[in-house]
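Engineer: Please see the structure below; I have some questions.
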Amino acid sequence: MLASRTPVSLHHRIVAAGQRRRCIGGSERKLQGRHFTQALESLWRHRPRIPPLPAAAATGRDAKSSWQAPVLENAAFEEYYKVQQIVHKEEWDAFMSVLRKPLPATFRINACCQFYKDICSKLENDFRRYLESEVSNEYGEDAIRPLPWYPGNLAWHLNFSRKELRKNQALESFHEFLKHESEVGNITRQEAVSMVPPLFLNVQPDHHILDMCASPGSKTFQLLEMIHQSKEPGLLPGALVMANDLYVQRCDLLIHNTKRMCTSNLIVTNHEAQNFPDCSLANDYSEAYKDTCKPQGLEFDRILCDVPCSGDGTIRKGHEMWRKWNSGMGNQLHLLQVNIAMRGIALLKVGGRMVYSTCSMNPVENEAVVAELLRRSGNSVEVLDVSSELPELVRRPGLSTWKVQDRGSWFQTHDDVPHDRKNVVLPSMFPSSNGTEESHTVRGDVEVNIDNRSSFLRNCNIEETSKINHDTDGLSINSNKKLDCTSNILNSKFPLHRCMRIVPHDQNSGAFFIAVLHKLSPLNGCQIQGTKIQHPLAKGIIVQLQKEPEPETRLYETILTRQQNNVSKVVDAAEVLGRHQNLSMDKQTSNDNSTEVEMVFNDVESSQAESGDRMKLRKQTRWKGVDPVLFFKDEVVIKSIISFFGIKESFPLQGHLVTRSTDNARRIYYVSKSVKKILELNAEVGEQLNIISLGVKMFETHRSKDCCSCAYRLSYEGLSLLLPYVSNRILYASPLDFHRLLQYRSINFAHFVDARFGEEAASLMPGCCVVVLLEGHKHVDSICKDSSTVAIVCWRGKGTMNVMVSPADRKDLLERMAYRFGLKACAEED
């Protein structure tokens, strides 16, 4: 009987009593309620007493409920990379020890932001000294230091991880500083090795650049910084960055992260990277190059090909990789990586440079891919030796030999693979694939001196290490020891030693692979058509792809299917579900009781939730679920904007304005000359490019009833671009009045400290205006042309001046005012 009177049966009896209670209504409810309560008390009073657990059992239960540290072990991982010999035998313990430690946090300062000098000064003079005094015992003397290999000391390394940064109270103020500066776009929190690939592109001011697999956008942001830094002062940059990603949702993240740059030279597209369109006007490949000076299609001077990969180079960032890693992850991605990179080479201009990179240590995803690119391209492409570039970056040469593992078995050549696995383990995965030297034999009393590999350990001229990496077929070979047996060592004939490997224990970082490719001549038609080959994998295989080591783990989900023409194609899983997710931004709300101020601040909110209307218009475009890109040609509106703000003729406004709406253009975007040419080409070829976002928001409609003669107001995002060319509706405020505007957001004309400024504001006609910070003794005629000028968009209402800046930007400006002029910054919300 005791066995039946368990807490479980007790629970059922209570539930049954409750159900009976709910069935009773009216005056009987209270009476039944008392009976129900009494029944409960009786049940619990007479419930059987459960004997206490033995001490040993209780201890075991407590042990299970307590937190256990994750197991940072994977025998298959260790076996795989020991056989591949990615590090010297003597380094193995140090290599594994570093892999089990948390990854140090790193970030990069945006050199194009107005306040980058203030940020550098604050890091050097404030935080560096503070952290050295507060946490030097825990994290060492150089708790924070610039990365020596990154130009201009713009990238910084921290001796603590992101988790430690969040948890340690001594680092709280520094953590808040990083979060805020990242939010407004002054810094980018990015892993150190992820910053490396763009640096080897050698970007020039007029280059057209393609980022093939761009999301979440830290490298794209880096490329945008480069083109804006390289431009001449006072001129608009002529370069272009086209950032592409496979999934619409990831494109939204890409847009959000690059929006902080406020650039008119960016296009975001949504395509499979291996099928990226060339927008060719030629009928065939021979016509495309009949005029080599002006090819009839889309070509790029620089291409960043940071492909989806297994991501085991990011193993220090999370514990999941230790659990889920297996050698098949890299094998499944090999062909996709080859196809993406070959498409990049086809889109590259002759003389152009492409960087192929992964955050994987697997040679099947790295050297094997590069070797296959060189084999397919013939003499059209070469691997560049860039050992003299970034000399302080510790890197190692690429491997010249490796093995392939499949289902626990190791294979040296494709001939060794069982017949039923030959369509999964591809010939291109091996160093001895077609187009390479098959092998050379080591026989008899050949002396092998392994000490020659010491130059492999640190920076060196990698041309001198071309014959360092040899696979010894799993044998342990001591220095100067002779081999009495016969072993086959298979080396690729391609100069893969020119590739770069970054390993974690060299400079306390993640792992990365980089190869710099140079295009010598056009690919022929067969090579271009052969950039996609048959994929023998069966239908429905779902592969999780992790790309670069960014702040969040990057996972792609693709479905490999065989098409009717037997050509492999990666089907966008998000497209199957429909492209209905759009960029969503947190709306800002205002609690101001003033009707006029509420109208202005709500207008700012609507501009921040820019994508809110994207679902309203889904027509006039060949791409389902994507708004069309239309040139804005309303001459009456354009002339009214030019007249109202006094925009100078030297600013190319006509023909550079686009909108995503056909009925009522609420937002007008400005695009550079280079982007305009791409749009014209895309229209001519029937909209081959699926454009998700482009340009910078310059103007948007307002909802004011103040009888403003212009239906559009300036956007704060585009102000820095347009300010040097605006001649009307500009007010110059002292630091004190500028600070008061930012602090209170809305000020009556009579309440400004400088009465003359209040009078000038009152004399303006109602509508949008620009308030410029007047610093020192700068002349008003030249201040707007200075790139360091601080200005904000305001609204001149009936009796007040109202700031039209987001809370994050307002907070940033207030902190700059406090740092520069000693003015006390107010709380985030007043």
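Engineer: According to the Kirkwood expression over distinct Cα-Cα pairs, how big is the hydrodynamic radius of the stretch 148-261, in Å?
Structural biologist: Radius from the Kirkwood sum: 15.6 Å.
Engineer: Explain nothing, just the number: dipole magnitude of the stretch 91-189 about its Cα centre with +1 on each Lys and Arg Cβ and -1 on each Asp and Glu Cβ, in debye rounded to the nearest 20.
Structural biologist: Roughly 320 debye for the stretch 91-189.
Engineer: Here's a follow-up. Hey, got the dipole for the stretch 626-728? About the Cα centre, +1 on K and R Cβ, -1 on D and E Cβ, debye to the nearest 20?
Structural biologist: 260 debye
Engineer: Need one number: nm distance between label points at N664 and N275, each 7 Å from Cα along Cα→Cβ, rounded to one decimal.
Structural biologist: Label at N664, label at N275, 3.8 nm between them.
Engineer: A further question follows. Set the bar at 27 Å for Cα to Cα. Now go through K624/K697; K648/K676; K519/K624; K82/K219 and name every pair that lies beyond it.
Structural biologist: In this structure, K519/K624; K82/K219 lie more than 27 Å apart at Cα.
Engineer: Rounded to the nearest 0.05, what FRET efficiency do N202 and Y116 have when you use their Cβ-Cβ distance and R0 = 30 Å?
Structural biologist: 0.85
Engineer: Quick one: if the Förster radius is 25 Å, what FRET efficiency do E680 and S787 give, using the C-beta to C-beta distance and rounding to 0.05? Display every interim value, and only then the final one.
Structural biologist: Numbers: r = 30 Å, r/R0 = 1.19.
The formula returns an efficiency of 0.25 here.
Engineer: How do E389, E183 rank by accessible surface area computed with a 1.4 Å probe, from largest to smallest?
Structural biologist: Result of the area sort, largest leading: E183, E389.
Engineer: Could you please state how large a percent of the accessible area of the stretch 148-285 is carbon and sulfur, counting protein chains only and using a 1.4 Å probe? Don't skip to the answer; put the middle values down first.
Structural biologist: Values: 2050 of 4270 Å².
The C+S portion of the solvent-accessible surface of the stretch 148-285 is 48 percent.
Engineer: Report the full-extension gain for the segment N524 to V350: residue separation times 0.36 nm, less the Cα-Cα distance, to one decimal in nm.
Structural biologist: Value of the extension gain: 61.4 nm.
Engineer: For the stretch 729-821, give me the percentage of DSSP beta bridges that are antiparallel, rounded to the nearest 5 percent.
Structural biologist: Bridges in the stretch 729-821 are about 75 percent antiparallel.
Engineer: Which of rounded, prolate or oblate describes the stretch 665-769 when judged by the alpha-carbon gyration tensor and an a/c cut-off of 1.5?
Structural biologist: Numbers: a/c = 3.15, a/b = 2.53, b/c = 1.25.
Because a/c hits 1.5 or more and a/b exceeds b/c, the stretch 665-769 counts as prolate.
Engineer: Estimate the FRET efficiency between H180 and S97 by the formula 1/(1 + (r/R0)^6), using the beta-carbon distance for r and 35 Å for R0, to the nearest 0.05.
Structural biologist: 0.50
Engineer: How much of H175 can a 1.4 Å solvent probe reach, expressed as accessible area in Å² and rounded to 10?
Structural biologist: Looks like 20 Å² after rounding.
Engineer: Now for a separate question. My understanding is that a pair violates if its Cα-Cα distance is over 24 Å; which of K633/K798; K673/K705; K179/K811; K101/K324; K179/K259; K117/K167 do that in this structure? Kindly include the intermediate steps, with their values, before the conclusion.
Structural biologist: On the way: K633/K798 32 Å; K673/K705 36 Å; K179/K811 12 Å; K101/K324 18 Å; K179/K259 17 Å; K117/K167 29 Å.
Table pairs above 24 Å Cα-Cα are K633/K798; K673/K705; K117/K167.
Engineer: Can you give the convex hull volume per residue for the Cα atoms of the stretch 91-189, as a whole number of Å³?
Structural biologist: So the per-residue hull volume is 109 Å³.
Engineer: Starting from 0.36 nm per residue, how many nanometres of slack lie between K89 and E775 once their C-alpha separation is accounted for?
Structural biologist: Difference between extended and current length: 240.8 nm.
The values are calculated or read from the model by the stated rules, or taken from the named source; none is laboratory data. Just so you know, these numbers come straight off a predicted model, no measurement behind them. Heads up, the Cβs are rebuilt from the backbone with ideal geometry, glycines too, and the neighbour counts pull from every protein chain shown. SASA here: full protein model, heavy atoms, side chains in, ligands and nucleic acids out. Shrake-Rupley method; radii C 1.70, N 1.55, O 1.52, S 1.80 Å.
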